[in-house]
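Reviewing the structure listed below.
The values are calculated or read from the model by the stated rules, or taken from the named source; none is laboratory data. Quick caveat, the model's predicted, so the values are computed rather than measured. So basically every Cβ, Gly included, is an ideal-geometry build from the backbone, and we count neighbours across all protein chains shown. Calculation scope for accessible area: heavy atoms of the full protein, side chains included, ligands and nucleic acids excluded. Shrake-Rupley method; radii C 1.70, N 1.55, O 1.52, S 1.80 Å.
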Amino acid sequence: MTVGVGDVGSTRQAAAAGAASAMRPRFSGGPVLWQRCAIAAIVVLLLGVGGTVALGLVRVHHDQEREVDEKSRFVARLWNKLIDQGNARTEEALTGDLTLLRAVDSGDTAAVRDRIDQSGIASLAVVDAATQPLIAVPNAAAATVISAQRVGQILSQNVKYSDCIFEKDGARLVLAMPMPGRATADRVVIATRPIDSLLGALAGVMDGSVFIVTGKGIVLGRVGALAWDDVRAGFDPALPGMGRVDSNARVLGVLNVRLPDIAEDDSIFLVVARETSLSDMADTLSRTVAVGLILLLLLAGGAALVWYHRRAFGPFNELVTALSAVADGETAVAVPGGERRDEIGQIARTLQVFLNRSRAMHHGEGRRARQWNRQQVFIRRQMLRMAETLPEEGRRELLADLERIEAAVPTRPGGQIADDAGTLAVAFEVMAERVGQQHGAMDRMLCQLQAALNTKTELVELQKQFEIARKMQQSILPVGLPVRDDLQAHGLLVPGAEFDGAFYDFFINGDDLVIIMGQVEGGGLAAGFLTVAARAAVRVLAGSGLGPADCLTAANRLLTGDNATGVEIGLLVGIINVRSRRFAFSAAGIPEPFLLRRLGDVIDVATQVNLPLGIDAQMVMVETVTEFPVPGTLLICGSGLLDAVNGFGVAFSRAHMTSILSDLDDLSVDRVLATVASAVAEHAGGVAVPRDRICLAVRVRS
């Protein structure tokens, strides 16, 4: 703590007053009475609201389970009804189509095939009591759908038999009955019908896609726009009921209904899937609004409780604060509430009497302190002038000198300070000692100042060289492409604290857009000029019609000979043909590009890996060729951007860039680069990183 020179005279009186006040009780400074009461009331309110919310959540969960159970029973009943309707249509075709019956009796296979095709029947067979097929359409397998025992049961009891069979190639409805139009039941007609129409009717009622699958997830039949691969994640044979799938920025509701007593070796499930993105958004919005209303009510209730308790107990708290201030020795304190006629007014008047007595005592002590201060005014003035010339360490030493002077002041009996010339002698002795020390410190300061001036001259020369290199770097960057409706290209360069010569370039070469990016691993002024030289070589090679890989191979041979320091050079050369939508590029030491195919859809372009340039002159580069989606936006970032680490030790990272690009609402070049620049500035936090951060954006439109 810093002590002013003018307070020296009252040091002893303040110490005595502090020792006395330390014996008095002090206010703890914790929550006051009205705050404790308000906190207790708010806790009770929170417990009540929390219990109500918990009961509501339990009720919602119970209602959701009941709704899923009702949906499952409804789908099962609807499925059984559709099966009955399918069997009824098959029976109507067998008994009401006289042409079909005559064709069966005559054994005319072609006529039978024609009639069942018109009736929607997949296969038809007629067998006798010995299960020998009399006719089978389309092949002999139609007669083996049911067993010989089942045939005998139908003929002996003159009954109908219906079932649903599941095979690898699909599922069918089976209807077996005695041959219509015969006096005796000696023949059985067996007809099968595909269940696609049943699935279509069920999909129409449920407004979604319907699948017939086994417990192992094998699809036996499907109807609807959704693919099984999109729905599979919500299917669990061990837990029939409602499932949920988040797929491709949409939400799917999946209802799994087990069909009882159908397959012998495996369970069969009816899976109904429909997109529930809108309802899910509505549910989320309603829950958010409900939570917001609850929080708003809690805040309003808490504010009301705080206001009430503060109004009820506020005056008492003010009296406690005033009493604590008086106990600490303060006299300029206003005591509120003295005009009141209740208990608080009585306490306020008592406190006012105590405060008046304290003021009288402090007034007497003040007169004695002022008298002593007048005697020491000369010493204070001299010490104050010296303190103005001292650094912080000297000021601390000055405080020690003041204590030394005070210790030399004699006192009379009773603790009163005596006037004595010894105090003045001690003060001049201390001042003489300080003057000698100050002269020595001034000599050392002059030496340090001369060394600092020499260092500043060197820094100024280095800064001039750095500014020249920066101007050269800015001068080689392209201004932009001519205005075109089908093509946009632009770049971003955020200079680093150290020059490393990072650059990007693009130009039109016939129907092609040639893009170039370069950055040296590790950076540095000399290494930066190496990439600037590489830019000129690569631009000439690319403009001559060489492919990306050939350009990098030739550039590598040139750079390896000039790379005496052995640094790794990162370069990328790419060619985009606007007409054929073909993107060919070769990258060495440059991260994989980002491709923005549409809003929220950001992918990494798979790249053939090449080692950085400048190390092996015999290295042959390979290139990557891919189709450029139109419209689409390509973003290429240097390693200095993706690997940048801010002052908190947090890397920018490729995952962070992907997240930023996924949240874009506009894929134009200007919007993409503006968003990246904002993210880079936010990550750096106003502190420059060592390396340059560059990126290049290209957008191709139809």
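Report, in debye and to the nearest 20, how large the dipole of the range 543-702 comes out about its Cα centre when Lys and Arg carry +1 and Asp and Glu carry -1 on their Cβ.
Working: 12 positive and 16 negative charges, 87 e Å.
Roughly 420 debye, rounded to the nearest 20.
How much length is gained on full extension from residue 249 to residue 361, taking 0.36 nm per residue of separation minus their Cα-Cα distance?
Working: separation 112, 0.36 × 112 = 40.32 nm, distance 7.89 nm.
Taking 0.36 nm per residue and subtracting the Cα distance, the gain is 32.4 nm.
Taking amide H atoms as placed 1.01 Å from N in the peptide plane, list the residues 5 or more away in sequence, or in a different chain, whose amide H sits under 5 Å from that of residue 615.
So residue 615 has HN proximity to no qualifying residue.
If ligands, DNA and RNA are left out, what is the accessible area of residue 62 with a 1.4 Å probe, given in Å² to the nearest 10?
About 100 Å², rounded to the nearest 10.
Can you work out the FRET efficiency for the pair residue 658 and residue 568, with r the C-beta to C-beta distance and R0 = 22 Å, to the nearest 0.05? Working shown, then result.
Working: r = 25 Å, r/R0 = 1.14.
Efficiency, rounded to the nearest 0.05: 0.30.
Testing the spin-label approximation: label points 7 Å from Cα along Cα→Cβ at residue 186 and residue 238. State their distance in nm.
In this crude label model, residue 186 to residue 238 measures out at 5.7 nm.
Positive end of the charge dipole of the range 618-683 (Lys, Arg +1 and Asp, Glu -1 on Cβ, about the Cα centre): tell me which of 632, 664, 681 has its Cα farthest that way.
681
Using θ = phi - 60° and the Karplus relation 6.51 cos²θ - 1.76 cosθ + 1.60, list the HN-Hα couplings for the range 578-586 in order, rounded to whole Hz, with x at every Gly or Pro.
In residue order, the calculated couplings are 5, 6, 7, 6, 9, 10, 10, 8, 9 Hz.
Would you kindly state how much longer the chain becomes between residue 148 and residue 284 on full extension, computed as 0.36 nm times their sequence separation minus their alpha carbon distance, in nm to one decimal? Could you put the intermediate results ahead of the total?
Working: separation 136, 0.36 × 136 = 48.96 nm, distance 5.80 nm.
Extending this stretch completely gives an extra 43.2 nm.
Along the charge dipole of the range 542-610, Cβ charges K/R +1 and D/E -1, which of 596, 551, 574 sits furthest on the positive end?
596
If I stretch the segment between residue 225 and residue 687 completely, what's the gain in nm (0.36 nm per residue apart, minus their alpha carbon distance), one decimal?
Numbers: separation 462, 0.36 × 462 = 166.32 nm, distance 5.27 nm.
So the chain would gain 161.1 nm between residue 225 and residue 687.
Can you compute the modelled spin-label distance between residue 109 and residue 544, with each label point 7 Å from Cα toward Cβ, in nm?
7.4
Dipole of the range 180-270, Cα-centred, from +1 at each Lys and Arg C-beta and -1 at each Asp and Glu C-beta, to the nearest 20 debye? Let's see the in-between values first.
Values: 9 positive and 11 negative charges, 46 e Å.
Around 220 debye, computed over the range 180-270.
Mind grabbing the accessible area of residue 661 for me, 1.4 Å probe, Å², rounded to tens?
Roll a 1.4 Å probe over it and residue 661 shows about 0 Å².
With r as the distance between the Cβ atoms of residue 579 and residue 604 and R0 = 30 Å, compute the FRET efficiency 1/(1 + (r/R0)^6) and round to 0.05.
Details: r = 26 Å, r/R0 = 0.85.
Efficiency, rounded to the nearest 0.05: 0.70.
So if we plug the beta-carbon distance of residue 671 and residue 88 into 1/(1 + (r/R0)^6) with R0 = 51 Å, what FRET efficiency do we get, rounded to 0.05? Don't skip to the answer; put the middle values down first.
On the way: r = 61 Å, r/R0 = 1.20.
Taking R0 as 51 Å, the efficiency between residue 671 and residue 88 is 0.25.
For the range 569-650, what's the relative contact order in percent, using C-alpha pairs closer than 8 Å and at least 6 residues apart? The partial results should precede the final answer.
On the way: 133 pairs, mean separation 27.2, N = 82.
After rounding, I find 33 percent.
Please name which of 203, 249, 282 has its Cα lying farthest along the dipole of the range 188-289 towards the positive end, using unit charges on Cβ (Lys, Arg +1; Asp, Glu -1) and the Cα centre as origin.
Checked the options; the winner is 282.
Give the relative contact order (percent, whole number) for the range 135-266; include only Cα pairs under 8 Å separated by 6+ residues. Can you show the working numbers first?
Working: 183 pairs, mean separation 19.3, N = 132.
Reported as a whole number, the value is 15 percent.
Between residue 102 and residue 80, how many nm apart are label points set 7 Å from Cα along the C-beta direction?
Each label point lies 7 Å from its Cα, and together they span 4.1 nm.
Under a 1.4 Å probe, what is the accessible area of the range 638-687 per residue, stated in Å²?
Values: 2380 Å² over 50 residues.
Accessible surface, normalised per residue, equals 48 Å².
Carbon and sulfur together cover what percent of the accessible area of the range 169-231 at a 1.4 Å probe radius?
On the way: 1220 of 2380 Å².
For the range 169-231, the apolar C and S fraction of the accessible surface comes to 51 percent.
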